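Trainee: Quick one: the structure is below, questions incoming.
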Amino acid sequence: MNEQQEKDFASLYSEYNPMVVQMCLGFMKGDRDLASDLAQDVFVNVWNSLSRFRGEASHKTWIYRITVNTCLLHIRKEKSRQQIPLEIVETVGPE
């Protein structure tokens, strides 16, 4: 990434970080630590994709979609990781 792209990223981060954190807080039902982690993931995705930004939408719309997709992916992963209560494992386990 060149120096101009680094400046662009810094500008996008400072402008849109509050929006991203607020959206993540909503998706994570107020869990600030998790929202902060997801916001960081969003900006990692923005950084990795910045060179491929085509300008067909505004930066705000683009970052909004990255945020929604990042949060939904996290929710899907957590649902697939649901834990089975120990009582069920013990009743089904070997005898």
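The values are calculated or read from the model by the stated rules, or taken from the named source; none is laboratory data. Every value quoted in this text rests on a predicted model; they were computed, and no experiment measured them. Cβ placement follows ideal geometry from the backbone for every residue including glycine, while neighbour counts extend to all protein chains displayed. Heavy atoms of the whole protein, side chains included, go into the accessibility calculation; ligands, DNA and RNA do not. Shrake-Rupley method; radii C 1.70, N 1.55, O 1.52, S 1.80 Å.
Trainee: Check whether at least one residue in the range 76-87 is crowded, with 16+ Cβ neighbours inside 10 Å, within 17 Å of the chain's Cα centre (by Cα) and either among the hydrophobic types (A, V, I, L, M, F, W, C) or at pLDDT below 90 (or both), and report yes or no.
Mentor: Of all residues in the range 76-87, those crowded, with 16+ Cβ neighbours inside 10 Å come to none.
Checking the range 76-87: not a single residue is crowded, with 16+ Cβ neighbours inside 10 Å, within 17 Å of the chain's Cα centre (by Cα) and either among the hydrophobic types (A, V, I, L, M, F, W, C) or at pLDDT below 90 (or both).
Trainee: Oh, and also: Taking the condition of being at pLDDT 95 or above and open to solvent by less than 40 Å² (accessible area, probe 1.4 Å), how many residues in the range 30-59 meet it?
Mentor: Residues in the range 30-59 being at pLDDT 95 or above and open to solvent by less than 40 Å² (accessible area, probe 1.4 Å): 6 in total.
Trainee: Collect the residues in the range 1-29 that are open to solvent by less than 50 Å² (accessible area, probe 1.4 Å) and within 21 Å of Glu78 (Cα to Cα), keeping them in residue-number order.
Mentor: Scanning the range 1-29 gives Val20, Val21, Met23, Cys24, Leu25, Met28.
Trainee: Looking at the range 16-46 only, could you name the residues that are within 14 Å of Ile66 (Cβ to Cβ) and either in contact with a strand residue (DSSP E or B) (Cβ under 7 Å, 6 or more places away or on another chain) or in contact (Cβ under 8 Å) with a residue 40 or more places away in the chain (or both)? Walk me through how you get there before you give the answer.
Mentor: Taking the range 16-46 and keeping what is within 14 Å of Ile66 (Cβ to Cβ), we get 16-17, 19-21, 23-24, 27, 38-46.
Within the range 16-46, Tyr16, Met19, Val20, Met23, Cys24, Phe27 qualify.
Trainee: Continuing with this model, one more query. Would you tally the residues in the range 24-56 being of a type in the set (Ser, Thr, Tyr) and within 21 Å of Glu3 (Cβ to Cβ)? Can you show your working first?
Mentor: Restricting attention to the range 24-56, the residues satisfying the condition of being of a type in the set (Ser, Thr, Tyr) are 36, 49, 51.
Next, from what is left, pick out any that are within 21 Å of Glu3 (Cβ to Cβ): 49, 51.
Here the count works out to 2.
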